[in-house]
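Working notes, structure below.
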Amino acid sequence: MNKAMIIETFPVGLFQCNCTILGDDETREAIVIDPGDDPEEILRRLAQHGLNVKQIVCTHTHIDHVGAIHELQQLSGTPASIHKADLFLFEKLDVQAQWIGMPAPKQGVIDSFLQDGDAVACRGIEMGVLHTPGHTPGSSTFDLAGDRHILFTGDTLFMQSIGRTDLWGGSYSEIISSIQKKLMNFDDDTFVIAGHGQSTTIGHERRYNPFLR
């Protein structure tokens, strides 16, 4: 892993989505992954590290992963990217909010779409994009390469579990295929930062995840 890199993951919002700040210690540029809520806290942590956010990316567009995009964009002018297959979910944040009984956040602006094989970058940081549908049609995993790969899997893969597939556009067969054909190709020591809860490794999930047996 790049020794000059800042990686901080912290839970935000009612559903405790794991938001991550990735910053380069030399350029002071940063990427924010899954700003689900608490925009002030995200900005406070960026400021604490002396970082300027240059890119917002989301593993998928359920409300708990995208709810703070608007506020972050208002305060920082940062572009945001998602996979196009999840745009329909992003456009229905009001319906998602009604479904879980919370106020609807203002909708941010999606500036570009991610595709499988793309790279997400700012000066000093680059992540690969893997399209890993199943939890949602546009669910994506971000791969930060280095001495040890770090995967940001969103709600596709959790410690000893997988994401729900009973929501709009979910597919059990697709999520299992995404995990088996894309994520399980990584080495055992690959570190996994999931969308909620504890971090894990590919090796741990290969051995102990009951959904992968």
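Is it the case that residue 59 is assigned to a loop (DSSP other than H, G, I, E, B), of a type outside the set (Phe, Trp, Tyr) and within 23 Å of residue 190 (Cβ to Cβ)?
yes
Scan 21, 100, 42, 63 and give me the residue that is aliphatic (A, V, I, L, M) and over 18 Å from the mean Cα position of the chain (by Cα).
Details: 21 fails: over 18 Å from the mean Cα position of the chain (by Cα); 42 fails: over 18 Å from the mean Cα position of the chain (by Cα); 63 fails: over 18 Å from the mean Cα position of the chain (by Cα).
Answer to the check: 100.
Can you tell me which residue is surrounded by the most Cβ atoms within 10 Å (Cβ to Cβ) among those in the range 129-156 that are modelled with pLDDT of 95 or more and among the acidic types (Asp, Glu)?
Here the residue is 155.
Quick one: count up the residues across the range 85-118 that are surrounded by 15 or more Cβ atoms within 10 Å (Cβ to Cβ) and under 18 Å from residue 132 (Cα atoms).
Residues flagged as surrounded by 15 or more Cβ atoms within 10 Å (Cβ to Cβ) and under 18 Å from residue 132 (Cα atoms) within the range 85-118 amount to 7.
Starting from the range 71-94, take each residue that is farther than 11 Å from residue 56 by Cβ and hydroxyl-bearing (Ser, Thr, Tyr) and list its partners that are at pLDDT 95 or above and crowded, with 21+ Cβ neighbours inside 10 Å, counting only C-beta distances under 8 angstrom and pairs at least six apart or across chains.
Here the result reads none, with nothing in the range 71-94 linked to a residue that is at pLDDT 95 or above and crowded, with 21+ Cβ neighbours inside 10 Å.
Going through 193, 125, 150 one at a time, which residue ends up being touching a residue at least 12 places away in the same chain (Cβ under 8 Å), under 30 Å from residue 26 (Cβ atoms) and touching an Asp or Glu at 6+ places or on another chain (Cβ under 7 Å)? Before you say what the answer is, go through the steps one by one.
Working: 193 fails: touching an Asp or Glu at 6+ places or on another chain (Cβ under 7 Å); 150 fails: touching an Asp or Glu at 6+ places or on another chain (Cβ under 7 Å).
Exactly one residue qualifies, and that residue is 125.
Condition first: part of a helix (DSSP H, G or I) and closer than 19 Å to residue 140 by Cα. Can you find one or more residues in the range 27-42 that meet it?
Checked against the condition, which is being part of a helix (DSSP H, G or I) and closer than 19 Å to residue 140 by Cα, the range 27-42 yields no hits at all.
Please determine whether any residue of the range 8-29 is among the aromatic types (Phe, Trp, Tyr) and surrounded by fewer than 16 Cβ atoms within 10 Å (Cβ to Cβ).
yes
Confirm whether residue 50 is exposed (fewer than 15 other Cβ atoms within 10 Å of the Cβ), free of Cβ contacts under 8 Å to residues at least 40 places away in the same chain and over 21 Å from residue 26 (Cα atoms).
no
Can you pull out every residue in the range 176-213 that is part of a helix (DSSP H, G or I), under 17 Å from residue 129 (Cβ atoms) and hydrophobic (A, V, I, L, M, F, W, C)?
179, 183
Quickly run through the range 43-54 and pick out the residues that are in contact with a Lys or Arg (Cβ under 7 Å, 6 or more places away or on another chain) and either outside any loop (DSSP other than H, G, I, E, B) or acidic (Asp, Glu) (or both).
The answer is 52, and nothing else.
Give the range 132-163 a look and list any residue that's under 14 Å from residue 61 (Cα atoms) and either of a type in the set (Ser, Thr, Tyr) or over 12 Å from the mean Cα position of the chain (by Cα) (or both), or say none.
Those that are under 14 Å from residue 61 (Cα atoms) and either of a type in the set (Ser, Thr, Tyr) or over 12 Å from the mean Cα position of the chain (by Cα) (or both): 132, 133, 134, 135, 136, 137, 139, 140, 141, 153, 156, 163.
The values are calculated or read from the model by the stated rules, or taken from the named source; none is laboratory data. Predicted model only: the values in this text are computed from it and were never measured. In this analysis, Cβ positions are derived from the backbone assuming ideal geometry, glycine residues included, and neighbour counts consider all displayed protein chains.
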